[in-house]
Amino acid sequence: MEVQAEMITFTLRRLLSTVVVVFLVSVITFYVTRVVLPDPVSTILGGQESGASAEQIAQIRQSLFLDRPFPVQYWLWITGVLTGNLGRSYLRPQDVSEMIGAALPVTFELTLLALLIAVFFGVALGMVGAARHNRPADTITSGASVLMLSVPNFFLGVLLVYLFAMIVPLFPSGGYVPFFQNPVQNLYYMVLPAVTLAMGYIGNLARFTRSILLRVYSEEYITRATASGLSRRTVLFGYGLHSAAGSILVAVGLNLASLVGGAVVTEAIFSVPGVGTLLANSILGSDLPVISALVLLVTVGVTLITWVVDVLGGIIDPRLRAVKA
Amino acid sequence: MTIPRTSAFLAIKVPVSKRGVLDFVWAYPRLTCGTALLALLVLMSVLAPVLAPYDPLQNNPNATLLPPSGEHWLGTDLLGRDVWSRVLYGGKDTLYIAVLSGVSATVIGVILGLIAGQRPGAVDTVIMRAMESVLAFPSLILALAISFALGSSFTSILIAVTVSSIPRTAMLVRGEVRALANRKFVDSARVSGASSTRIMMRHELPNMTEIITVQVALDTGQAIFISASLAFLGLGLPPPAPNWGGLLKDGYVFLANAPLQCLAPGALIFLALLAFNLIGDGLRDYFDPRTLSRQRIRR
């Protein structure tokens, strides 16, 4: 019972700070994408303000609530968002929610694939480094980790396109096939983008896993386990990895934001029609409703997933609850 | 290891200065490699006017989109400009904006962190919630939104790149201030009547030299990455002055015919990021008392 109560307090406390952060995120998003900006009226008129009368401009401003004070504008926008009304695109005759709805699953799939690749290889590399601490294998994996986390995704992506789509045409250089239309083709198109996106996180996770495992391995109960004759595999993986799992999970959650950010560039390289491409195009075309909605949704989505991962980490590893509190 | 940070700092400095360059290189390979790599890139950018065979801004309608040759090592672009010269010149803006942003992000972050750490309660809560909120945005997406809102200019990109780096430093410094607040030398300073500003500047800040130095290196690397990503997405520095991110983007279209136009600036961005990451790691080794003892034992 006591453990349960502790877990509930932990969950609620994390939820409370997440809610505060989400609120502030929405204010910042609105401020940056709507208030700092050049006048959106010219975007709607396609840069032809001269052709519109002062009345027309005033009417557009009024219909967009641009004549109201900031808190009122924010209130109107956020209540719209909360009731699922994201407005209409300035550039295309489409609802914003429709456009985002089409792009979101694509990015979700790309990010998920990259995450799976990154967790698998990152944790594996980190385990090799920790198990062979200060030996050649450790030096090699550590060196590889630095290289992987330093390589910018746009360079890696372009390099992979050149090597594996142009020199040796194994994979398509870009494009997308919906998963439910043809799963095999879909994965085939996703190989290069997912590897590109994952690379930096393999390096990151490898380093994190290595350092956390080294800390665990230096603890006394590990020495005791070795001394009592347990096999090396049981000690390293059974004991060591079990103890590190919670922290690794939380680290994966913390890296999620930059993974999603990286997806924007990766999608641009491989012309994947996801959220990143939509965001980049909307920014180039000054399509305000889409920009604000995307920035908000992505950030809030990442924040909520991070919260879930945090709580999961607390469930797996009780020590993390105490640290966070 | 419970060596107080200050004495560890001194303990490292003395033996190193006695040991000579080669020993230093041997003891801190990452710091050495990183610094050498960065020096090379800086040198290349500074010497661009001497090294570049052509004017990077000179259009030449008679020589557009030439393939790489002895005359134009990387070929020419759409306007007939020599790409190799543009790559050499492109380092200046790329590195300049990164260092400027890395330093300003650290300075602002340190100031916010010091204030939040010094004033528990309302001030701390406000600053920290704000930092957490900024941190909640994927850095690139925040940078995109800011540079979109402020328009395409040097300043707007500088702000966009800097803002997303501030929170980590601020939170790090705040944590450090909190840890130092319980130490005896801070207590004794306070008891002897030092103002909180004096405690901050004379007692706390000097004890954070190490983490701050590491943070500058990491923030600068991050700034290179973000500004080049912005350039790749078409929100970079305004033309015509070259920068590596923009060159990569411009060259991508011609990847099949002139791969080096795109891969060369990309590789330089990679090397710059590698240099700053190695320097960050190297500085951590350098400041870490445990590394020192390990080196000593090994010798």
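Structural remarks
- Seen from B:Asp281, the other residues with C-beta closer than 11 Å to its C-beta sum to a net charge of +1, counting Lys and Arg as +1 and Asp and Glu as -1.
- Ligands, DNA and RNA left out, the 1.4 Å accessible surface of the stretch A:131-185 is 69% carbon and sulfur atoms.
- Using a Gaussian network model of chain A in which every pair of alpha carbons under 10 angstrom is joined by a spring, one finds that among A:Ala251, A:Ala225, A:Ala144 the greatest mean-square fluctuation is at A:Ala225.
- Contact residues in the stretch B:145-171 (at least 30 Å² less accessible area with all protein chains than alone, 1.4 Å probe): B:Ala145, B:Phe148, B:Ala149.
- Using the 1.4 Å probe convention, the accessible area of the stretch A:67-203 works out to 50 Å² per residue with neighbouring protein chains retained.
- Backbone HN-Hα couplings from phi across the stretch A:239-245 [Karplus 6.51/-1.76/1.60, Hz, Gly and Pro as x]: 6, x, 5, 4, 6, 8, 3
- For the protein assembly as shown, the Kirkwood hydrodynamic radius comes to 26.6 Å, computed from all pairs of different C-alpha atoms.
- Across A:Arg68, B:Arg129, the residue with the most accessible area heads the list, and the full order at a 1.4 Å probe is A:Arg68, B:Arg129.
- Equivalent ellipsoid dimensions for chain A as semi-axes, Å, which come from the Cα gyration tensor, largest first: 44, 27, 15
- Rounded to the nearest 100, the interface formed by chains B and A buries 3700 square angstrom of accessible surface, both chains summed, with a 1.4 Å probe.
- From the alpha carbon centroid of the stretch B:66-94 to that of the stretch A:136-181 is 26 Å.
- Per-residue SASA entry for B:Thr162, accessible area with 1.4 Å probe, Å² rounded to 10: 10 Å²
- Among A:Ser173, A:Ser243, A:Ser231, residue whose mean-square fluctuation peaks in a GNM of chain A (springs only between Cα atoms under 10 Å): A:Ser231
- Efficiency of FRET between B:Val25 and B:Asn257 - r from beta-carbon atoms, R0 25 angstrom, step 0.05: 0.05
- In order through the stretch A:181-195: 3J(HN,Hα) via Karplus (6.51 cos²θ - 1.76 cosθ + 1.60), integer Hz, x for Gly, Pro: 7, 7, x, 5, 4, 4, 5, 4, 6, 8, 4, 4, x, 5, 5
- Within chain B, the whole DSSP H helices whose Cα atoms reach 30 Å or more along their own axis and whose mean Kyte-Doolittle score is at least -1.0 are B:83-118, B:209-232, B:259-287.
- Once backbone amide H atoms are built at 1.01 Å from N, A:Arg88 has A:Val96 as its partners under 5 Å, excluding neighbours fewer than 5 places away on the same chain.
- The largest-to-smallest principal axis extents of the Cα set in the stretch B:108-173 are 39, 19, 17 Å.
- Accessible surface comparison of A:Arg233, A:Arg92, probe 1.4 Å, protein chains only, largest first: the order is A:Arg233, A:Arg92.
- Applying 1/(1 + (r/R0)^6) with r as the Cβ-Cβ distance of B:Ser196 and B:Val103 and R0 = 25 angstrom yields a FRET efficiency of 0.50.
- Between B:Thr209 and A:Ser17, the modelled labels are 3.2 nm apart [label points 7 Å from Cα along Cα→Cβ].
- Computed E for A:Thr223/A:Arg88 - FRET, C-beta separation, R0 56 angstrom, nearest 0.05: 0.30
- For A:Val311, solvent-accessible area (1.4 Å; no DNA, RNA or ligand), Å²: 20 Å²
- In the stretch B:142-201, the trypsin sites (Lys or Arg not before Pro) that fall in loop regions by DSSP, at most 16 other Cβ within 10 Å: B:Arg183
- Debye intensity ratio I(q)/I(0), log10, chain B, q values 0.14 Å⁻¹ (C-alpha model): -1.06
- ³J(HN,Hα) computed for each position of the stretch A:18-28 - Karplus, 6.51 cos²θ - 1.76 cosθ + 1.60, integer Hz, glycine/proline x: 5, 5, 4, 4, 4, 4, 4, 4, 5, 5, 4
- In the complete set of protein chains, residue-level accessible area for A:Ser271 is approximately 80 Å², probe 1.4 angstrom.
- For the segment A:144-154, counting C-beta atoms of other chains within 10 Å of every residue's C-beta and taking the mean gives 6.
- With a simple spin-label model that places each label point 7 Å from the Cα along the Cα-to-Cβ direction, the separation between B:Phe185 and B:Ser153 comes to 4.5 nm.
- GNM on chain A, alpha-carbon springs under 10 angstrom: the most fluctuating residue among A:Tyr201, A:Tyr221, A:Tyr239 is A:Tyr221.
- Cα convex hull volume per residue for the stretch A:244-305 (Å³): 77 Å³
- Probing with 1.4 Å while keeping every protein chain in the model, the per residue accessible area of the stretch A:204-325 equals 40 Å².
- Note on exposure: A:His133, B:His203 ranked by accessible area (1.4 Å probe, complete protein assembly) read A:His133, B:His203, with the most exposed listed first.
- Rolling a 1.4 Å probe across the protein heavy atoms gives chain B an accessible surface of 45 Å² per residue.
The values are calculated or read from the model by the stated rules, or taken from the named source; none is laboratory data. Given the structure is predicted, the values throughout are model-derived calculations rather than measurements. Because the Cβ atoms are built from the backbone with ideal geometry, glycine has one as well, and the counts that use them run over all protein chains shown. Side chains included, ligands, DNA and RNA excluded: accessible areas come from the protein's heavy atoms. Shrake-Rupley method; radii C 1.70, N 1.55, O 1.52, S 1.80 Å.
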